[in-house]
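Here is the structure we will look at, set down as C-alpha cells.
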Amino acid sequence: MKCRISAEKSLQKTKYFQASIQTIMFRKDVFYKLFNLITLISIILISGCIGNNRSPLPASGDGSPTLSPSGSRSFYMGMTPFPYDNTIDARIETYRFIKEHSDLAIHHFDSGVPWPEAFNNTPYRPNVENDLNYRVSQIKKGQQVYVAVTPIIIMRDGLTGYRGDSDNMERQGKWKDKGFTDADVIQAYTNYCKYMINKFEPDHFAYAIEANILADKDPAEFEKFPVMAEQVYSSLKSEYPDLPVFLTLHVDTYALNKNEQTEAIKKLLPYTDYIAVSTYPYTYKANPADIPRDWFSQMHDLAPEKPFAIAETGYAAEDLILDQYGATINGSEEWQAEYVNFMLTGASDLDAKFVVWFVSGDYDRLWDKMEKMGVDELFKLWKDNGLMDGDRKPRKSLDAWDKWLTGKP
C-alpha cells in the first residue's frame with residue numbers, strides 16, 4: 001500500500017510538472033517586466049534624446065554581417081535583444097553581440113497593448129515611447145527588420161492586457177471586459193499595428209504570436225479570434241500591400257494534437273502571408289536526434305504555397321535542474337549545436353525567409369537575482385539557451401550559427 005501511494009504521488013507530481021512546463025513555456029516575455037526601470041535608465045544614460053532614425057551602417061570591413069542573406073542561405077538570421085542581466089552594460093553588450101552575429105533586427109512585443117491611446121491615436125506612456133525609440137535607434141540603416149506584436153495575452157488564453165506604466169497590466173474601464181470581436185478592440189489594435197509599422201518600417205510583420213495555442217487553451221475564445229484576424233489583416237494589407245503580414249504558430253502545440261490543431265489553423269490560413277513558427281522542443285526531446293525529421297516541414301505543408309519562417313526558437317546547452325519539482329531536463333553543448341544545424345538545415349530546405357534565436361546569451365546573472373526575489377524556478381527554463389554561456393564564452397552552437405551566417409554551413 002505504501003508503494004502504491006508513493007507511486008501515485010510521484011505520478012501526480014510528474015503530471016503537475018508537465019502542466020507547469022506547458023504553462024510557463026507560453027510566457028517567455030514575462031522576463032521583460034523586470035527590465036522596465038533599467039530600460040528607462042539606460043535610454044536616458046546611453047542615448048539621450050532619440051528620434052525615429054536608424055543608426056548608420058558601420059564602415060565596410062569591420063566584421064559586421066551583410067544586409068542580405070549570405071552565400072546559399074535563403075533566410076535572414078537574428079536574435080532578440082533579451083539581455084543576460086538587468087544592467088546597462090548587459091543591455092549594451094547584448095545589442096553589440098546580436099549586431100555582430102545576425103543580419104536581421106528582431107523586436108518582439110508580448111507585453112500588452114496601449115488600448116485607449118491606440119484607439120484615440122494619442123501618445124503612448126513615456127516609458128513605452130522611450131523603449132520604442134531606443135529600439136529603433138539600434139537598427140542599422142538598410143537592415144532587414146522583423147517586428148512581432150500580439151493581441152493574445154502571454155498565457156495564450158484570451159485578449160492581452162494593457163501596456164501602460166508597466167507591461168501586461170489589467171485592462172481598466174470600458175476595456176476591462178472586451179474581447180476579440182469588439183469593434184473598439186479591433187480598431188484600437190489595428191491602429192496599434194499601423195503605429196508600430198510606421199515606427200519600425202519592418203520588412204516582416206507579425207500581428208499575432210502563437211495564435212494556435214489559443215485554440216488549445218480556450219477553444220471558445222479561439223472561435224472569436226478569426227473575426228479580429230480577418231479585419232486586422234485586411235486593413236493592414238490594404239494600407240501596406242507589399243509588407244508580409246502574418247501570425248505565428250506554435251509547433252509544439254500542433255504536434256501534441258494534430259487533428260484538432262489542423263482544423264484550427266485552417267481557420268487562420270486566409271489571414272497570414274507566411275507560415276511562421278515558434279518551437280522549444282528540448283523540454284520533451286532533450287536529444288535533437290529524437291526530434292521528428294518533419295518537425296518544420298509538417299508546418300510548412302499546412303500551406304506549402306506560403307513562405308516559411310522560424311519566428312523564435314531555442315535549445316538548452318546544460319542540464320536544467322528544477323529542485324522544486326524534483327525534475328531534470330537534460331541538455332548539452334553538443335546537443336544544442338546539433339539542434340542549431342538541424343533547425344537551420346530545415347529552414348534552408350524550406351527556403352525560409354528568416355530564423356530567430358530567442359535568447360542570445362545565458363542569463364545566469366539575472367537568474368541569481370530572480371532566485372533571491374523568490375521567482376518560481378520554472379522561469380529559468382531558457383537560462384541556458386544562449387549561444388554564449390553564463391561567463392560570456394562562446395559555445396559550439398555559436399560557431400555553427402556563424403558558419404551559416406557567413407554562408408558556409
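The values are calculated or read from the model by the stated rules, or taken from the named source; none is laboratory data. Bear in mind the structure is a predicted one, so any value in this text is a computation, not a measurement. Cβ atoms come from the backbone with ideal geometry, glycine included; neighbour counts cover every protein chain shown.
Details
- As a summary of the residue check, ALA188 satisfies the conditions (1) assigned to a loop (DSSP other than H, G, I, E, B); (2) over 22 Å from the mean Cα position of the chain (by Cα); (3) closer than 30 Å to GLU223 by Cβ; (4) small (Gly, Ala, Ser) except for the one numbered (1).
- Condition check for GLY158: of a type in the set (Gly, Ala, Ser) and over 19 Å from the mean Cα position of the chain (by Cα): no
- Residues located in the stretch 199-210, provided they are at negative phi and either touching a Lys or Arg at 6+ places or on another chain (Cβ under 8 Å) or β-branched (Val, Ile, Thr) (or both): PHE200, HIS204, ILE209
- Given (1) at pLDDT 95 or above; (2) under 30 Å from PRO394 (Cβ atoms); (3) in contact with a helix residue (DSSP H, G or I) (Cβ under 8 Å, 6 or more places away or on another chain), index of the condition ILE139 fails: (1)
Residues checked against (1) in contact with a Gly (Cβ under 8 Å, 6 or more places away or on another chain); (2) closer than 30 Å to GLN144 by Cβ; (3) free of Cβ contacts under 8 Å to residues at least 60 places away in the same chain:
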{"site": "LYS237", "(1), (2), (3)": "no, yes, yes"}
{"site": "PRO241", "(1), (2), (3)": "no, yes, yes"}
{"site": "TYR271", "(1), (2), (3)": "no, yes, yes"}
{"site": "VAL277", "(1), (2), (3)": "no, yes, yes"}
{"site": "PRO288", "(1), (2), (3)": "no, yes, yes"}
{"site": "ALA309", "(1), (2), (3)": "no, yes, no"}
{"site": "LEU322", "(1), (2), (3)": "no, no, no"}
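- Looking across the stretch 84-127 at every residue that is touching a helix residue (DSSP H, G or I) at 6+ places or on another chain (Cβ under 6 Å) and hydrophobic (A, V, I, L, M, F, W, C), the one that is surrounded by the fewest Cβ atoms within 10 Å (Cβ to Cβ) is identified as ILE88.
- The number of residues in the stretch 191-212 being surrounded by fewer than 24 Cβ atoms within 10 Å (Cβ to Cβ) and not in a helix (DSSP H, G or I) comes to 4.
- Here the condition is being among the aliphatic types (A, V, I, L, M) and within 23 Å of PRO394 (Cβ to Cβ); of ALA337, ALA327, ALA309, ALA289, it holds for ALA337 alone.
- Listed by position, the helices (runs of 4 or more DSSP H) inside the stretch 67-161 whose residues that are of a type in the set (Ser, Thr, Tyr) number at least 2 are 88-100, 126-137.
- When GLY173 is tested against (1) modelled with pLDDT of 95 or more; (2) crowded, with 18+ Cβ neighbours inside 10 Å, only condition (2) is not met.
- Just one residue in the set PRO292, PRO304 is under 24 Å from ALA337 (Cβ atoms) and either among the acidic types (Asp, Glu) or not in a helix (DSSP H, G or I) (or both); that residue is PRO292.
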